[in-house]
1. Which one is nearest to LEU95 (Cα to Cα), of the residues in the stretch 30-69 that are β-branched (Val, Ile, Thr) and in contact with a strand residue (DSSP E or B) (Cβ under 6 Å, 6 or more places away or on another chain)?
2. Counting only residues that are in a loop (DSSP other than H, G, I, E, B) and surrounded by 14 or more Cβ atoms within 10 Å (Cβ to Cβ), which one in the stretch 11-41 is modelled with the lowest pLDDT?
3. Can you tell me how many residues within the stretch 146-188 are open to solvent by 20 Å² or more (accessible area, probe 1.4 Å) and in contact with a strand residue (DSSP E or B) (Cβ under 7 Å, 6 or more places away or on another chain)?
4. Has the stretch 244-255 got at least one residue that is at pLDDT below 95, exposed (fewer than 13 other Cβ atoms within 10 Å of the Cβ) and farther than 21 Å from VAL123 by Cβ?
5. Confirm whether ALA190 is assigned to a helix (DSSP H, G or I) and in contact (Cβ under 8 Å) with a residue 40 or more places away in the chain.
6. Counting only residues that are touching a helix residue (DSSP H, G or I) at 6+ places or on another chain (Cβ under 7 Å), small (Gly, Ala, Ser) and in contact (Cβ under 8 Å) with a residue 60 or more places away in the chain, how many does the stretch 44-94 have?
7. Name the single residue, out of those in the stretch 208-235 being aliphatic (A, V, I, L, M) and touching an Asp or Glu at 6+ places or on another chain (Cβ under 9 Å), that is modelled with the lowest pLDDT.
8. If you scan the stretch 221-243, which residues turn out to be farther than 13 Å from VAL185 by Cβ and open to solvent by 40 Å² or more (accessible area, probe 1.4 Å)?
Amino acid sequence: MTREREVTFVPRQPRPAETPRGAVWLYGIHAVHAALGNPERFLRRLVVTEEGAATLTARLPQPWTIDPEMVERSRLDQLLGREAVHQGVALLADLLPQITLEEALNRNGPILVLDQVTDPRNVGAILRSAAAFGVAAVILQERHAPEETGSLAKAASGALESVPLLRAVNLARTLGQLKAADCWVVGLDAEATQALQGSAFAERRVALVLGAEGEGLRRLTRESCDELAMLPMPGVMESLNVSAATAVALYELTRKP
């Protein structure tokens with residue numbers, strides 16, 4: 001008697017739909033809400049479930065600047081992939097136009113510079129802190145940095161629409177341009193001998209430089225800073241996630257003496 005082999009059927013996961021060139025699928029209530037209110041965004045499609053539309057309407061009453069397409073949740077899973085926490089709303093929009101360094105310097109607030117921070121969720125969380133503390137712009141590298149994606153926008157919780165992202169081909173050269181524009185360039189480094197003290201920069205405009213978690217600032221980036229500072233941590237942890245460190249550093253820089 002031959003024993004038949006038991007076969008387990010695993011349902012195929014839907015693959016995300018291809019995104020048109022020059023566009024991005026934004027998802028999540030906060031990200032979509034902010035993008036709908038951003039005149040710099042060119043909107044292509046708004047796809048919502050009945051529940052998602054109700055939640056979005058509570059935050060931003062209709063009519064919206066683009067007519068929504070009502071779909072079942074499974075259709076959004078197919079468009080974005082099941083790992084996307086879309087909350088029943090998705091917006092296909094063009095990528096945001098990039099401003100120049102000169103335009104960034106004309107905005108108020110400190111400048112953030114990220115040295116090889118590659119995780120889009122970290123960059124999104126950093127943007128959220130940047131928006132909370134009035135940062136003028138966030139500068140990334142042209143390479144070794146995440147593109148504008150739905151997961152980055154979701155982590156930014158709407159801040160992608162209010163804090164410009166710039167991409168620098170040569171980070172050391174960009175730091176030199178910031179110095180020439182009277183920015184005091186401060187690198188956050190765990191091995192620095194002095195603590196970051198916001199009161200010391202009360203009369204200066206600061207460009208705060210942060211490196212990748214674990215690796216920190218690269219040698220040339222460190223050498224391009226005016227000074228290095230660390231966050232004093234008297235507890236048992238020796239370091240913070242880069243997005244958490246950004247929030248603490250921005251709080252220190254912007255707090256009143």
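1. VAL32
2. The qualifying residue modelled with the lowest pLDDT is PRO14.
3. The number of residues fulfilling the criteria is 10.
4. The answer is yes, given that some residue of the stretch 244-255 is at pLDDT below 95, exposed (fewer than 13 other Cβ atoms within 10 Å of the Cβ) and farther than 21 Å from VAL123 by Cβ.
5. So ALA190 does not fit the description; no.
6. Looking only at that region, the number is 3.
7. Filtering the stretch 208-235 for residues that are aliphatic (A, V, I, L, M) and touching an Asp or Glu at 6+ places or on another chain (Cβ under 9 Å), the one modelled with the lowest pLDDT comes out as ALA212.
8. MET230, PRO232, MET233, PRO234, GLY235, VAL236, MET237, GLU238, SER239, LEU240, ASN241
The values are calculated or read from the model by the stated rules, or taken from the named source; none is laboratory data. Keep in mind that what you see is a predicted model, and the values were worked out from it rather than measured. Note: ideal-geometry Cβ built from the backbone for every residue, glycine included; neighbour counts use all protein chains shown. All accessible areas refer to the heavy atoms of the entire protein, side chains included, with ligands and DNA or RNA removed. Shrake-Rupley method; radii C 1.70, N 1.55, O 1.52, S 1.80 Å.
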